[in-house]
Structure formats: structure tokens, C-alpha cells
Number of protein chains: 2
Amino acid sequence: MYRSHNCGELRITDCGKEVTISGWVQKGRDLGGLTFVDVRDRYGITQLVFNMDEQADLCTKARKLGREYVIQATGIVRERSSKNAARSTGDIEIDVTNLNILNESKTPPFTIEDESDGGDDLRMKYRYLDIRRLPIQNNIIFRSKLALETRKFLDSEGFIEVETPFLIKSTPEGARDFVVPSRLNPGQFYALPQSPQTFKQLLMVAGVDKYFQIVKCFRDEDLRADRQPEFTQIDCEMSYVHLEDILNTFEGLTRHLFTHTLGIDLGDFPRMTYDEAIRLYGSDKPDLRFGMEFAEMNDLVKGYDFGVFDSAELIVGICAKNIAESYSNKDMKELTEWVQRPQIGAKGLVYIKYQEDGSIKSSIGKFYSDEVIRSWASRFGAERGDVLFILSGEKDATRKQLSELRLELGKRLHLIQPGVFKPLWVTDFPLLEWDEDTQRFYAMHHPFTSPRKEDIPNMLNGDHETLKNIKADAYDMVINGSEIGGGSIRIHDRELQAKNFKLLGFTPEEAEAQFGFLMGAFEYGAPPHGGLAFGFDRLCAVMNGQSSIRDFIAFPKNNQGRDMMIDAPSSIHDDQLKELYLEVKPES
Amino acid sequence: MYRSHNCGELRITDCGKEVTISGWVQKGRDLGGLTFVDVRDRYGITQLVFNMDEQADLCTKARKLGREYVIQATGIVRERSSKNAARSTGDIEIDVTNLNILNESKTPPFTIEDESDGGDDLRMKYRYLDIRRLPIQNNIIFRSKLALETRKFLDSEGFIEVETPFLIKSTPEGARDFVVPSRLNPGQFYALPQSPQTFKQLLMVAGVDKYFQIVKCFRDEDLRADRQPEFTQIDCEMSYVHLEDILNTFEGLTRHLFTHTLGIDLGDFPRMTYDEAIRLYGSDKPDLRFGMEFAEMNDLVKGYDFGVFDSAELIVGICAKNIAESYSNKDMKELTEWVQRPQIGAKGLVYIKYQEDGSIKSSIGKFYSDEVIRSWASRFGAERGDVLFILSGEKDATRKQLSELRLELGKRLHLIQPGVFKPLWVTDFPLLEWDEDTQRFYAMHHPFTSPRKEDIPNMLNGDHETLKNIKADAYDMVINGSEIGGGSIRIHDRELQAKNFKLLGFTPEEAEAQFGFLMGAFEYGAPPHGGLAFGFDRLCAVMNGQSSIRDFIAFPKNNQGRDMMIDAPSSIHDDQLKELYLEVKPES
């Protein structure tokens, strides 16, 4: 080794020892006769000291060291006169007797500090320097630890990690596949998996009983912020289980992960049906870190000649505590403009202030007496000092708008405490989702999801409205308003699977060509089974209270799907294309 | 759950309990009034019993169960009258009170037994049934356990598992890349990684210090037997290390894996230089499970007017113990024909029998007196009863042929004990390999391998012969004649890396276009580093004494790169191609 110790481990008890450390020059300081150099590695920072009076050559050499030079230093550990309590090695320094420059460094394009002065593009191009920064390094270490704890827990529960193939078959249902031309099979293509869904189901048919995998998945989507073309899942499947068994197992996993990485006990996860979540929070991934549940007001507000409410499908509001006095007209105007932005799309915002002095101030006083308005308070548990915000209009759109407003108020009013985690299960998702544009049903989860047992007859014989109301044995795990994972009990019967494909607009031939192998497998003793998948990148970010997954991925791609560092994708040689029987056809 | 117990856990102490199990019907037997049904899952087999006298309906239902039906049975555990000591549940049976058919099964295309009657193609097409067989299931469980033990060990040594990207840049050096067309970047392609080599080196530049990953890699090669287009590596890299540190660390890993999965202590690994391995075994991956080291005979045999030897660059032999009496002329003839097959390519085979009675019998008695031949024995440690096999010709070819003969004799003479593991490190590989066809050097390991320090001046100034003799800080781990892993100390200096690319025939522009990001990274404080990669599929197979990796991969591809089960690769929709700006050009 180039070192006897790393840069984070020397302590006062090591004084007097001769040691060798290696690392990067964090910074140097010349103080008259003494030169101090901080050396950094993954484990910490250690101070070197050089004395111009005693060892002029060595000290001169040290003074010439640049930032990020790679050095090796040998010397004697000694107690520091001026200690640094913020640093684990802050009690000691090394009185250097030998200094070796292992590699030089050009001046980095941004500072290697916790807060970097590098912009996003620069950080991505020089990602190998960005990762030297402690926050990014900590993210990557956290991710590694989280993966290992996941594996240890699932192993202890009898799960087997099975690697499923990456070169599979293109099944254009859902998102776009990345495809891989096959040289040995001219004109044919593999696809990279969007998930190992069909393979894990086949593993259940194969008797593997409990499967998991931490695995890369691929989606060729138009990239929005915080989407990556390749991402990682904790993918799981179990046989001979009911919904309850799956929820218990993966609630157990999640609690284990929080305990063993953050030291936080999440307690039992509350559960909420999809319908309830939509009704109370306008979202299937409600953020439970603060209250502000929706209250519906149709029965209270209609019939008072206020046309906006009278004509609305839904009138629904939320209550913000204790802001009646502090929220000015200007604030109200600004908030109204916020909900009217095209991204939110509300027509207007009704507010009601239950003022501390008992009076009412509202934007609809013309239509409703103070008496009437006062009577609404109990629906919200509103008290003096509180403000109601009310939206109205078409049901689904209004709920969505109010959900956005609720989250925005949560932020603005600082209702979210850092370090608080509020998990829940959302259950009983609809099986099917109607798309007006294409006039067809899509699978809300995926085509392999089983309807609830009691809904199976409706599925086989249902009309359009009945079909829309079929519920699936599908569930999502939500933490702090982020969907962390989702899954379902699967169909394990060929007939039912065929019926589901038919509802989703597959001809029997299409279903057979794309998923014949799975339906075939169902004929050879498929056990009842179900599972779920966690978004691993998202889980890492949420557990660290961060909103972006990008800095939990060592080498992410930008929004154009490019790796800025290696400059990929790129053009390939003509003979590579020729071998693949392909021609690039310019944009037309 | 559909079960209170699995099919492998009930014992005599459970007698009297009411239990529910679920699983697959292994087989049924009707014995007059009693019907026995064996139910199987991953954990074992449990016997159900049905009594026609007491419960006719239930028993009739049981009699109709087909092989591989999925059933759920509830009943009382009781002691068996006729126990089955070969089975962990063999002391008990379940007196069934309720039987539920969870799914039916068509008759499987082959038997689900340890020895299947299914051919390879059938097994691959119905892989989900093949995996139900215990030997395959055990392989897959072993693989999962081996991966977890690898992670636990490397974590305990301070390694961080970092996921490197799958959509990278095509670098046509080495094997062919699989490429992935980019829809967002028309006419451009990603490549799937042949290994994470450059990324792990960048992680060292990034200060990650100790990296590992169990990761899929991809090579678009013409598939030979036991090659897969996608395969798995244990990929590792360390900073601030010398060769010795790396060998110690990964010898430690390998010993840990053998101890914790097989209960075998491998002891210290012997080391052998590449030159020594070639000289003594004619191979850089010698199988040390038996002796038969090569002995070179040029000084002994030349000058006796035997033209074949006199004109040969190398005359080299091996000694087979105690077969002089048992090996007949017919055997010798058969062996001679074996080495003369085109796959081996020897011109002929010289043998010498040191017979038990002291006499000599050989195929070259015409040229060498018994006296002379007897004098050769000491070179081989040969005694009465032994046989020498001698080949001659061009040095490299002859060694290769004799290596094949040695391995063949090892097999034929049963010199290899099952369950024996003989690991070693082969070190000091040549840096460069000259290719006569293309008249250029190739990197023996890869272009990032560092020459030994003392050879660097030769690299910078060497002529052709000097270059050929440069040794690298490169090493392979070999177990039982299989290369399990290999690696090297890497170049971490831009100048030296550029020089190496030049030796390998890259123009400066090509080197920059393909690997500019890495050489650029070397300018920002790259630490000395090195690492290695294990072939994970191969390691699984070797540890289980098997020669094929295929049955350690859940869903392998056949020799045409096809997945027989899902029927991939396949053609894709025209609009998928159009979106990718591609056209398939028929074979011409």
C-alpha cells in the first residue's frame, strides 16, 4: 500500500507513531516558518506540517503543491497546538519527513468543497471531480449501504436474488423500449427491459417462491426533469401470497432500511384506499407530513345563486391554520395568480378568513352571509384565525389543482419538518384507465395485474362504466408524497390474462406474439403470486430529504439522455452498421 | 398466505397440528383404500394421505390430480407408518381434511426430476419448468448466496458498490459492442458495456478508493459453446495499492467465498509467473489438480540423427505414472490419433515406456539406445512403470498441444479428484501481444494495463523485440484450470497512456475520440490504482465442479444468441425503426 493509514483515522492516541498517508491536497497555508497542507481522501482530512527552519527543501516542495495534487507523506504523528474539534483527526497533525508527489493536477474547473461553484453542466462533464465532493460521495456511499441492507433483509426472509436477462424482447405496450440490433439474427432486435416483470412471474411458475433483484431498467422516454433513461429497481415477487402478506413483507423491508441506515423507526404504515386518497388529498401519493385534508362542500354551498359554485361538479376546500391575520390581500392575490398559472389551471381561488375577532372576510361575501360562512367551519375543524381556500369545477381537475395548492401551502407555511418521514400504503387502485384520446383502456398498473376477486365477474361481463369501476389488487407505497414502490397480485390464469389483454385492445394474435410465453407458462401449474418494485434511486433521495435522484446516481445522463463526461451517445463506424444490416436514414 | 408451512419444514414434533401447505403435485399413488400425493415446493416434498373409506369425495378428488397441478391442502400432521429417511419430512404425512386445486397443469414436456428426459432445446424453451428441477434450482440458490457473501466480504473490507451506466459509448477496441440507437440523438448510438473498466478507473480518480460491483457485461461475439452474450462480473478496483495488496485482498475474498459456501479452506494460493506457467504446463491457466509438469528435452535428445527432434524448436514431454503395463499399443495408437486431430494438430506422438521389468519400449528405439533413454528418466522423476509422452516442433504450438494432451490424460487416468480445488495466481503477463495477421500489437489484458515499473523505459524507447518482452503488472486467478479472474495495475499517467495507445495502433485523434475523457481525468490528480474482475458465472460453475456456465444462469441464450423461451430477438414495428431513424438493409 501507498499508506499505513487513511486520512480519517489518526487520533491523539497515535502520537509518536511513524505513519504514511496518501491523498489529495485540499489546501495549503504558509504561516511564516511553517507550512500546513490538508490531505484528503474518502475517509477524512489530515493536516501535514512542514518546518522551513528545520527542513527547507521539504518545506519548499510542500509550498509548491497545487490543489488536488496526489501526494504521499511520511512523518511522525504529533498533537496539534491549535485543535480542530470539527474534524475527527483535528487533534493531531503529521510532522512530515518525506513527501512524494504521486501525480500532479491541473487546477480543477470548480472547487472541491461541499458547496461547489460549478454549474450543472460543468459538474456533469467532470463528474469524477464532482464525486470527490463530500455530499456526492456520501450519497454514493449511502446508496451502497442501502443496497446491502436490502439484500441482507430479503435474504433473511428467504428471498433469492436471481439475475434476469437484459437482452429481451420488445413489447411496445407501455413506454418505449430501447432496442439492440442483433448481428447474428439479421433484421431482428433485442429490447432492454423496462422491468423484469414477465421474468419474475416466470420465476414464480418455476417455483422460486421468493425472488428479488436490485436491477437496472430502461425506458426510452422524452426525458423530463429528474427522469433517467436507465434507473434502478428493487424488484420482488412472492408465491402463495395474498395482498396482506406482500404489504407486511415490504413494510418490514422499509422499516428495516430506515432503522439500519437512518436509525429511524417508522412504526406501522397507515393504509388508505385509492378512492380515499383522491377524495382527501386529490392525489394517489398524498404527503402526510402535514394535515390540510380536503373537505367537500357541494351540500353546503349550492343554492345561494353563486353561479360558479352552482354549476360546479365539485366544490372542495382546505383549511390553513392561524394565517388569517398574517396573510395579506397581496398574499391572497399572489396565491390566486399561482393557481391560475397554466401549470395548475384553476379559474380562480375563493378564500375565507375566520378572523381572530370573530368576523369573516371572504371573496364571496356577496353571495353568502357571515352566518352561513361561519357554519362551514366545523366541516374543516376551522377556528378563529384560520383561512379556507376553496376551488371548484370539474371533479378530477379540481382535486388535482387543490392538491397542488395544498403542497404549495405546505411549503410556504413551513408545515414540513425536515427529518420527518410519513409512509403509507395506497390500495385498491382501479384496474383500468380510460384514455379519451385513443378511446381505449390502459392498464393503470400493468397488464398482468389481477382484479380483486370480487370484481372478476365484472371484468368478464362488464359494460364500460362497470369496467371503469373495477378495482385491482394493486398498491403503492408512498413516503412524504413520493411514490416509492408499487405492485399487485398478478393474474395466474391463462383465460383471465387473455381477457385482460382483450380489454386492453390486444388482438389474440398480438397477445400471443408478445406474451405467448407467459400465457403458455400459466398452463403448466402457475401458483398464485404477486409482488412489487421499489424505485431505488427515488428511495435513496427521499430517505435523504432530497427531491432530485440525479446526485444519487454516480454517472447520470442529462435531459437529452447524454452522458456529458464520456460524450455518449455518439456515431459509430460504418462497418459496425453494416454488420448489423442497418442504415441510418437522415431526418426527413 | 396460502400456507401455514412450506413443504420442507414439518417434522415429527409437529404431529397433531393442523397445517396448510401449498405446492406442486410431484406424484400420486393409489394403494387400495389409501391415496398418497407428494407435494413439492422449493423447500422440500411432503406426503399427503387420503382415505377412501373415510372421505370418499376428497380421495376421489385427490386421485384426479395430475402431475404439476398446484394445490393447497389442509390437514393434521401425523407420524408415518413407513418412514422415508432420505427426506427431511420423511417421518410425517398430512391426513388431509381439505383440498383446493389452485391451478391445473398440462402434462409437462419433460419430467420434473433430478435427471430430466428433456433435451437441451426443450429445456430452454420451457426454462420455467426446467428451473423447477432441484439441480437447477440449487444452482440458482447457490449463485444468490455467492453474490451475497461477495458483497458482505467486500463491504467488510471497506468497498463501496457503485452502479456504473449501461448506456455508454462504443469503443470498438477488443470484442464487438452491442449498440443501442438513440431516438433523442438521431444517427447516434449508445453501446452496452463490455466491462465497466473506464468507469471504475474514473471512480478511482473520483476518490472512491475501493469500488466493487456485481454487474452484467455484454459482448457481441460469435458464440462458442459456453459463451453468453450477457454475462456477470464481480468487478473491483482499489486506489493507492501495489500488486501485492490486490492479490491479498482478492485471495481473501476467494477464500471467504469457499469457506462460507462450501466449507472449504483453500489455504494460501501459490503464485507462478506467466513464463513459468507456459514452460511447465503450456498454458496460462494450468490445472494444478494433478502433476505431470512439462520437462524440456532439447539438450538430451538432439544430435542422435533423429531428424524430427533435431529440427524441432522444442522437444518437451510429460510423465504418466504407472501405466506402462496397462497402456496397450492400441491405447497408444488411439492417443496418437487424438493428438493428430486438427483441433490439437500435433504431427505425431513419441512415447517411452519404462517397463516394470526394467526394459524400455518406445517409438524412437531406432534412434536412441535403451541406455540413453533410461538416462532421461531423472528429468521427469520417472520410475519403472511410467510412460513418457513427448511432442516436438515449433515452441508455442508444441506447448499448446502438450497442454491439451496433459489435460486429456488427467481425465483418462482419473487423476482429478472431485471436490478438490487448486487455485493459483499467474503473474507477470506480457503487456503486448503481436498479431501476425494484422501486423500490430494488441493489449494482452487491455489498453489500460500498466507495464511493470522497470519496463516503462523499454516501452518508451523499445524496438519490436524489446516491446514483445515487456511484462505487465497483470495477473490472473486460476482455479482447476479455469481462469476465474484477472486484472492489473493501471496506467494513471496521461503520457504513458497515450504512449500505450500509440503502440496499439491508435492515432492520437482516435485515442482522444474514444478515451479522451479518461486521459483528461488523469490530468486532475489520478491516484495510482489497480483492480480485477472475476467471471461470476464461471466461478459458480467451477465451485460446483461443473464445466458449463449455462445452468448457473436463470435464463441463458443459446449458441445463436436466442432466448428460446421468449423467442428473442425478434423483428420490431416499422414505426419503432422510423423513430430511431433506421432502416433494415437486407443481406446482400
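The set of residues from the stretch B:183-202 being part of a helix (DSSP H, G or I), more than 7 Å from every other protein chain (Cβ to nearest Cβ) and either without any contact (Cβ under 8 Å) to a residue 40 or more places away in the chain or closer than 18 Å to A:LYS557 by Cβ (or both) comprises just one member, B:THR198.
Can you tell me which residue is farthest from A:TYR128 (Cα to Cα) among those in the stretch B:519-542 that are within 9 Å of the chain's Cα centre (by Cα) and in contact (Cβ under 8 Å) with a residue 60 or more places away in the chain? Write out each step before concluding.
Looking only at the stretch B:519-542, we keep the residues that are within 9 Å of the chain's Cα centre (by Cα), and these are B:535-542.
Still in the list and also in contact (Cβ under 8 Å) with a residue 60 or more places away in the chain: B:535-537, B:539-540, B:542.
Details: B:GLY535: 27, B:PHE536: 27, B:ASP537: 30, B:LEU539: 31, B:CYS540: 33, B:VAL542: 37 Å.
It comes out as B:VAL542.
Scanning the stretch A:37-67 for residues that are farther than 12 Å from A:SER22 by Cα and acidic (Asp, Glu) yields a count of 3.
Close contacts from the stretch A:460-482, counting a first residue that is without any contact (Cβ under 8 Å) to a residue 12 or more places away in the chain and a second that is β-branched (Val, Ile, Thr) and not in a helix (DSSP H, G or I), with Cβ to Cβ under 9 Å and a gap of 6+ residues or different chains, come to A:GLY462/A:ILE470.
Within the stretch B:503-518, how many residues are within 33 Å of the chain's Cα centre (by Cα), assigned to a helix (DSSP H, G or I) and over 16 Å from A:SER570 (Cβ atoms)?
Pass one, the stretch B:503-518, residues within 33 Å of the chain's Cα centre (by Cα): B:503-506, B:511, B:514-515, B:517-518.
Still in the running and assigned to a helix (DSSP H, G or I): B:503, B:511, B:514-515, B:517-518.
Cutting the leftovers down to over 16 Å from A:SER570 (Cβ atoms) gives us B:503.
Number of matching residues: 1.
The residues on offer are B:ARG78, B:ARG63, and the sole one that is more than 28 Å from A:ALA521 (Cβ to Cβ) and away from chain A (no Cβ under 14 Å) is B:ARG78. For the stretch B:302-319, the set of residues classified as in contact with a helix residue (DSSP H, G or I) (Cβ under 9 Å, 6 or more places away or on another chain) and open to solvent by 80 Å² or more (accessible area, probe 1.4 Å) consists of B:TYR304, B:GLU313, listed by residue number.
Output the helices (runs of 4 or more DSSP H) that fall wholly within the stretch A:241-337 and possess 2 or more residues being within 14 Å of chain B (Cβ to nearest Cβ), or say none.
Hits in the stretch A:241-337: A:243-257.
I'm trying to understand the selection: among the residues of the stretch B:475-494, which are away from chain A (no Cβ under 14 Å), in contact with a Gly (Cβ under 7 Å, 6 or more places away or on another chain) and aliphatic (A, V, I, L, M)? B:MET477, B:ILE484 - these are the residues of the stretch B:475-494 that are away from chain A (no Cβ under 14 Å), in contact with a Gly (Cβ under 7 Å, 6 or more places away or on another chain) and aliphatic (A, V, I, L, M).
I'm told B:SER547 meets every condition in (1) modelled with pLDDT under 90; (2) among the hydroxyl-bearing types (Ser, Thr, Tyr); (3) surrounded by 15 or more Cβ atoms within 10 Å (Cβ to Cβ) except one. Can you identify the failing condition by its number? Evaluating B:SER547 over (1) modelled with pLDDT under 90; (2) among the hydroxyl-bearing types (Ser, Thr, Tyr); (3) surrounded by 15 or more Cβ atoms within 10 Å (Cβ to Cβ) leaves (3) as the failure.
Could you tell me which residue of the stretch A:558-588 is surrounded by the most Cβ atoms within 10 Å (Cβ to Cβ), considering only residues that are part of a loop (DSSP other than H, G, I, E, B) and more than 36 Å from the chain's Cα centre (by Cα)? Result: A:LEU580. Just one residue in the set B:GLU93, B:GLU104, B:GLU68 is open to solvent by less than 30 Å² (accessible area, probe 1.4 Å) and within 14 Å of chain A (Cβ to nearest Cβ); that residue is B:GLU68. From the list B:VAL208, B:VAL180, B:VAL215, the one residue that fits, being within 10 Å of chain A (Cβ to nearest Cβ), assigned to a loop (DSSP other than H, G, I, E, B) and either out of contact with any helix residue (DSSP H, G or I) (no Cβ under 6 Å at 6 or more places or on another chain) or surrounded by fewer than 24 Cβ atoms within 10 Å (Cβ to Cβ) (or both), is B:VAL208.
Can you find a residue in the stretch B:15-32 that is without any contact (Cβ under 8 Å) to a residue 24 or more places away in the chain and assigned to a strand (DSSP E or B)? Yes, the stretch B:15-32 contains a residue that is without any contact (Cβ under 8 Å) to a residue 24 or more places away in the chain and assigned to a strand (DSSP E or B). Based on this model, can you work out whether A:SER369 counts as within 39 Å of the chain's Cα centre (by Cα) and either in contact (Cβ under 8 Å) with a residue 24 or more places away in the chain or assigned by TED's automatic domain parsing to the domain that holds A:LEU314 (or both)? So A:SER369 fails the test.
Select from the stretch B:126-146 the residues that are part of a loop (DSSP other than H, G, I, E, B) and more than 7 Å from every other protein chain (Cβ to nearest Cβ) and write down the one among them that is least open to solvent (accessible area, probe 1.4 Å). Explain how you work it out, then say what you get.
So in the stretch B:126-146, the residues part of a loop (DSSP other than H, G, I, E, B) come out as B:126, B:131-133.
Next cut, more than 7 Å from every other protein chain (Cβ to nearest Cβ) only: B:126, B:133.
On the way: B:TYR126: 42, B:ARG133: 17 Å².
Checked the stretch B:126-146; the qualifying residue least open to solvent (accessible area, probe 1.4 Å) is B:ARG133.
I'd like to check something: does the stretch A:1-8 contain any residue that is at pLDDT below 95, open to solvent by 10 Å² or more (accessible area, probe 1.4 Å) and more than 36 Å from the chain's Cα centre (by Cα)? Looking for residues that are at pLDDT below 95, open to solvent by 10 Å² or more (accessible area, probe 1.4 Å) and more than 36 Å from the chain's Cα centre (by Cα), one finds at least one in the stretch A:1-8, hence yes.
Among residues that are more than 8 Å from chain B (Cβ to nearest Cβ), assigned to a loop (DSSP other than H, G, I, E, B) and either open to solvent by less than 60 Å² (accessible area, probe 1.4 Å) or farther than 27 Å from A:ARG123 by Cβ (or both), A:GLY531 is not included.
Among all positions in the stretch B:532-545, there is at least one residue which is within 25 Å of B:ASP235 (Cα to Cα) and among the polar types (S, T, N, Q). Restricting the search to helices (runs of 4 or more DSSP H) fully inside the stretch A:357-461 and requiring at least 2 residues that are more than 23 Å from A:GLU325 (Cβ to Cβ), open to solvent by 70 Å² or more (accessible area, probe 1.4 Å) and not hydroxyl-bearing (Ser, Thr, Tyr) gives A:395-412, A:456-461. Residues considered: B:GLN497, B:GLN514. Of these, the only one that is away from every other protein chain (no Cβ under 11 Å) and buried (at least 19 other Cβ atoms within 10 Å of the Cβ) is B:GLN497.
With A:ARG11, A:ARG63 as the choices, which residue is within 15 Å of A:ILE101 (Cβ to Cβ), of a type in the set (Lys, Arg) and modelled with pLDDT of 95 or more? Spell out the reasoning first.
Working: A:ARG11 fails: within 15 Å of A:ILE101 (Cβ to Cβ).
Selected residue: A:ARG63, the only one of A:ARG11, A:ARG63 that is within 15 Å of A:ILE101 (Cβ to Cβ), of a type in the set (Lys, Arg) and modelled with pLDDT of 95 or more.
To keep it simple, each residue is scored yes or no on (1) touching an Asp or Glu at 6+ places or on another chain (Cβ under 9 Å); (2) of a type outside the set (Ser, Thr, Tyr); (3) modelled with pLDDT under 95.
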residue: B:LEU99; (1), (2), (3): no, yes, no
residue: B:ASP120; (1), (2), (3): no, yes, yes
residue: B:ILE136; (1), (2), (3): yes, yes, no
residue: B:ASN139; (1), (2), (3): yes, yes, no
residue: B:SER144; (1), (2), (3): yes, no, no
residue: B:LEU148; (1), (2), (3): yes, yes, no
residue: B:GLU161; (1), (2), (3): yes, yes, no
residue: B:LEU167; (1), (2), (3): yes, yes, no
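When the stretch A:462-485 is examined, which residues are found to be open to solvent by 30 Å² or more (accessible area, probe 1.4 Å) and part of a helix (DSSP H, G or I)? Hits for the stretch A:462-485 are A:HIS464, A:GLU465, A:THR466, A:LYS468.
Just give me the residues in the stretch B:147-171 being in a loop (DSSP other than H, G, I, E, B), within 7 Å of chain A (Cβ to nearest Cβ) and more than 25 Å from the chain's Cα centre (by Cα), in sequence order. Before the answer, list the steps.
Narrowing the stretch B:147-171 to residues in a loop (DSSP other than H, G, I, E, B): B:157-159, B:162-167, B:169-171.
Then keep just the ones that are within 7 Å of chain A (Cβ to nearest Cβ); that gives B:162-167, B:169-170.
Matches in the stretch B:147-171: B:LEU167, B:LYS169, B:SER170.
Quick one: which of A:TYR281, A:TYR274 is crowded, with 20+ Cβ neighbours inside 10 Å, under 29 Å from A:ILE479 (Cα atoms), modelled with pLDDT of 95 or more and among the hydroxyl-bearing types (Ser, Thr, Tyr)?
Values: A:TYR274 fails: crowded, with 20+ Cβ neighbours inside 10 Å.
None of the others qualify; the one that does is A:TYR281.
A:GLN228 falls short on exactly one of the conditions (1) open to solvent by less than 30 Å² (accessible area, probe 1.4 Å); (2) more than 9 Å from chain B (Cβ to nearest Cβ); (3) not in a loop (DSSP other than H, G, I, E, B), and that condition is (3).
The values are calculated or read from the model by the stated rules, or taken from the named source; none is laboratory data. Please read these numbers as outputs of a predicted model, since none were measured by experiment. Positions of Cβ are generated from backbone atoms using ideal geometry, with glycine treated the same way; all protein chains shown enter the neighbour counts. SASA here: full protein model, heavy atoms, side chains in, ligands and nucleic acids out. Shrake-Rupley method; radii C 1.70, N 1.55, O 1.52, S 1.80 Å.
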